[in-house]
Amino acid sequence: MAELLRVENVSRRFGGLLAVNAASFTAEAGRITALIGPNGAGKTTLFAIITGFIAPSEGRIAYQGADITGLPPHLLARRGIARTFQIAQPFAGLTVAENIAVGSHLSRPSRAEALAAAEGVAKAVGLAPMLSLPASSLTVAGRKRLELARALAIEPKLLLLDEVLAGLNPSEVRDMVPVIHAIAARGITIVMIEHVMQAVMSLAEHVFVLAEGSIIAAGSPQQIAGDARVVEAYLGHGAAGRMLGAANG
Amino acid sequence: MKGYVGIALAVGLLALVPLLTSSNVVLNFMVVALLIALVGQGWNVLGGYGGQYSFGHAAFFGTGAYVTAILQVHYGVNAWLGLVIGIAAGALVGAVTGALSFRSGLKGSYFALVTLAFAEVLRIIASVAPITGAGVGTLVKLDLRWEAFQFQSRAPFYWIILAFVAVSLLIVKRLEASRFGAYLVAVRENEDAAKAAGIDTFRIKLAAMTLSAAITAAGGCFYAQYFLFLDAGIAYGPWISVEALLAPIIGGIGTVFGPLLGALVVRSLGELTKLATGHAPGLDLVIYGAVLVLVVAFAPRGIAGLFESLRAQFRSKPVERRNG
């Protein structure tokens, strides 16, 4: 399969803090790739670097074979890289339809066409009944859907999802998983940061684990779940050994 | 389409005023109110729709005024041509100051302060530069012919400033229904989200500031022709920056009719206090301040916003009944 995104030895330093330390990973076209890791591992920073919001201190990012390191966010969006924000960033004063239409405008100068396209996107993520509501009136689940809708509206090739399932209750997660599956089925490549493991297991085809700024493991969800380094990164040094001991003893 | 009918109606009704009265006091009041509405509409494009609050729209007003006046006085340029060049010059000042501020990433109060600084710098330069007449000021020669953009009576001035206001209303109405307008509002609501949607936020803000400056500069050009006198304090003074933001904030920020409504209300209040207190200096400013506090506290979307929420309440009632 063709590789759509390649992150090569990317580092980012904030003063004395090395938030991302020579991280490398790839996302293959048409697949769902997950990026997991404990809090503070640098996942969101890495997303911000890929989407041009933060410049990397070192390293290189290639998209569709071209070097995109250091390009500003709006140019990356025009090339087909969309992102959602971990903390939902709606255009609060606008309606749901107007929010989505901002994205649809990218390829549609006409207001009427953009609003019509927004309606289609809203249907795909289950926001159709809320089109005329102000974005500020949405629930957390609604806001997450709106994040997804706005990203989809620019008709991306690569979609970076930053914890779109965080803060949802189990039934809302169950509702959202098929929406993400449907997006992938349309041929959109997805890279997702996610803490909800049940979703990672059912959605992701390939998983990268980021801890303290570095990729420490990669593989299928099943391989990752059994990886001692991953268990230690989440539960602390020696945890894998203790778990093994408990299981045997 | 509905909005355009409203504009036609409002402008049509206002156009009747000189036919109903020939009182110079009334016409003078209305001309100044419409001038403030125009200047405020300029501010509204950048501040109301773009969320970039400028405290220095005097920079554009004064540039329009001085360029029109100086071209006539020193270079014998026709006043109408002076108007066009004045608007272009104001737009240029908007583009340059906008590029400098936005390239440096200035937002919120920092942007407000730097625009105030630009206007003050221009005021100080104008108060010493020989070409502006320095401390003496610039007097435009009396030449009461329409070719010279001067008129015997106030009525033609009134209709011209009304036409300017009408054009500004149409521009803003069109802006609301355009991609540029949608992008501008997106930048106001959330700049990071706007960038992620593919919006070149720098370019959008710069375009808005240029358009905003051009509209406000048109007001400056008109001022020069109407009063025929300028000095640094009039052209670049903080008074016009304050009027420019007061009218849209009180009338309804980010709405088509806000600046017009606000200008009429603010000017009426100003005149009423003057009548009631017998020209006690500064008291009108006290009243402005009190009204501003009340509006921000109780009607953050101004008079137009108040109307809209009342209308929405009125409309939602039958729906509730149907559901119940």
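The values are calculated or read from the model by the stated rules, or taken from the named source; none is laboratory data. Just so it is clear, the model here is predicted, and its values are computed rather than measured. No Cβ is skipped: glycine too gets one built from the backbone with ideal geometry, and neighbour counts run over all protein chains shown.
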Of (1) under 14 Å from B:ILE240 (Cα atoms); (2) surrounded by 24 or more Cβ atoms within 10 Å (Cβ to Cβ); (3) aliphatic (A, V, I, L, M), B:ILE87 fails just (1)
Members of segment B:186-199 that are more than 7 Å from every other protein chain (Cβ to nearest Cβ) and among the β-branched types (Val, Ile, Thr):
B:VAL187
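Considering each of B:VAL319, B:VAL291, B:VAL286, B:VAL296 in turn, give the residue that is of a type in the set (A, V, I, L, M, F, W, C), modelled with pLDDT under 85 and more than 28 Å from B:TYR49 (Cα to Cα).
Details: B:VAL291 fails: more than 28 Å from B:TYR49 (Cα to Cα); B:VAL286 fails: more than 28 Å from B:TYR49 (Cα to Cα); B:VAL296 fails: more than 28 Å from B:TYR49 (Cα to Cα).
From the options B:VAL319, B:VAL291, B:VAL286, B:VAL296, the qualifying one is B:VAL319.
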State all residues of segment A:87-118 that are surrounded by 16 or more Cβ atoms within 10 Å (Cβ to Cβ), more than 10 Å from chain B (Cβ to nearest Cβ) and part of a helix (DSSP H, G or I); if no residue qualifies, say none.
A:VAL96, A:ALA97, A:ALA117, A:ALA118
Just to be sure I understand, how many residues within segment A:45-71 are under 17 Å from A:ILE190 (Cβ atoms) and among the hydroxyl-bearing types (Ser, Thr, Tyr)?
2
Given the conditions (1) away from chain B (no Cβ under 13 Å); (2) part of a helix (DSSP H, G or I); (3) touching a residue at least 12 places away in the same chain (Cβ under 8 Å); (4) out of contact with any helix residue (DSSP H, G or I) (no Cβ under 9 Å at 6 or more places or on another chain), and given that A:LYS123 satisfies all but one, which numbered condition is not satisfied?
(3)
Considering each of B:ILE36, B:ILE87, B:ILE131, B:ILE70 in turn, give the residue that is more than 21 Å from B:PRO248 (Cβ to Cβ), in a helix (DSSP H, G or I) and at pLDDT 95 or above.
B:ILE70
Exception for B:GLY51 within (1) in contact with a Leu (Cβ under 8 Å, 6 or more places away or on another chain); (2) crowded, with 21+ Cβ neighbours inside 10 Å falls at (1)
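Of the residues A:GLY52, A:GLY59, which single one is at pLDDT 95 or above and within 17 Å of the chain's Cα centre (by Cα)? Spell out how you get there, then give the answer.
Details: A:GLY59 fails: within 17 Å of the chain's Cα centre (by Cα).
On inspection, the qualifying residue turns out to be A:GLY52.
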Any residue in segment A:215-230 that's over 17 Å from A:ASN39 (Cα atoms): show its pairings with residues that are assigned to a strand (DSSP E or B) and not hydrophobic (A, V, I, L, M, F, W, C) at Cβ separation under 9 Å, as long as the two are six or more apart or on different chains.
A:ALA218/A:HIS206; A:GLY219/A:HIS206; A:SER220/A:HIS206; A:PRO221/A:HIS206; A:ASP227/A:GLY219
In this structure, does B:GLY62 turn out to be touching a strand residue (DSSP E or B) at 6+ places or on another chain (Cβ under 9 Å) and either under 30 Å from B:PHE102 (Cα atoms) or part of a helix (DSSP H, G or I) (or both)?
yes
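Which of the following residues is away from every other protein chain (no Cβ under 14 Å) and of a type in the set (Gly, Ala, Ser): A:GLY30, A:GLY80?
Details: A:GLY80 fails: away from every other protein chain (no Cβ under 14 Å).
After ruling out the rest, the residue left standing is A:GLY30.
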Taking helices (runs of 4 or more DSSP H) that do not extend beyond segment B:211-290, which have at least 3 residues that are surrounded by fewer than 22 Cβ atoms within 10 Å (Cβ to Cβ)?
B:238-251, B:258-277
If a residue must be closer than 15 Å to B:TYR53 by Cα and polar (S, T, N, Q), how many such residues does segment B:191-212 contain?
2
Which listed residue, of B:ASP231, B:ASP200, B:ASP192, is among the acidic types (Asp, Glu) and either in contact with a strand residue (DSSP E or B) (Cβ under 7 Å, 6 or more places away or on another chain) or farther than 27 Å from A:PRO156 by Cα (or both)
B:ASP231
Lone unmet requirement of (1) under 16 Å from B:ALA177 (Cα atoms); (2) within 7 Å of chain B (Cβ to nearest Cβ); (3) in contact with a Ser or Thr (Cβ under 7 Å, 6 or more places away or on another chain) for A:PRO73:
(1)
Give me a count of the residues in segment B:1-55 that are farther than 23 Å from B:ARG123 by Cα, within 21 Å of the chain's Cα centre (by Cα) and of a type in the set (Ser, Thr, Tyr).
2
Matching residues in segment A:163-182 (within 13 Å of the chain's Cα centre (by Cα) and either within 11 Å of another protein chain (Cβ to nearest Cβ) or more than 14 Å from A:GLN86 (Cα to Cα) (or both)) number 1
Tabulated pairs, segment B:210-230, first without any contact (Cβ under 8 Å) to a residue 40 or more places away in the chain, second crowded, with 24+ Cβ neighbours inside 10 Å and in a helix (DSSP H, G or I), C-beta under 6 angstrom, 6+ apart or interchain:
none
Could you list, in sequence order, the residues of segment B:137-154 that are crowded, with 19+ Cβ neighbours inside 10 Å and either without any contact (Cβ under 8 Å) to a residue 40 or more places away in the chain or part of a loop (DSSP other than H, G, I, E, B) (or both)?
B:VAL140, B:PHE149
Anything in segment A:23-58 that is more than 18 Å from A:LEU159 (Cα to Cα), buried (at least 24 other Cβ atoms within 10 Å of the Cβ) and among the hydrophobic types (A, V, I, L, M, F, W, C)? List them, or say none.
A:ALA23, A:ALA41
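Of the residues in segment B:155-182, how many are within 14 Å of chain A (Cβ to nearest Cβ), without any contact (Cβ under 8 Å) to a residue 40 or more places away in the chain, assigned to a helix (DSSP H, G or I) and not hydrophobic (A, V, I, L, M, F, W, C)?
Here the count works out to 2.
In segment A:43-70, which residues are among the β-branched types (Val, Ile, Thr) and more than 8 Å from chain B (Cβ to nearest Cβ)?
Just the residues of segment A:43-70 that are among the β-branched types (Val, Ile, Thr), to begin with: A:44-45, A:49-51, A:54, A:61, A:68-69.
Within segment A:43-70, A:THR44, A:THR45, A:ILE49, A:ILE50, A:ILE54, A:ILE61, A:ILE68, A:THR69 meet the criteria.
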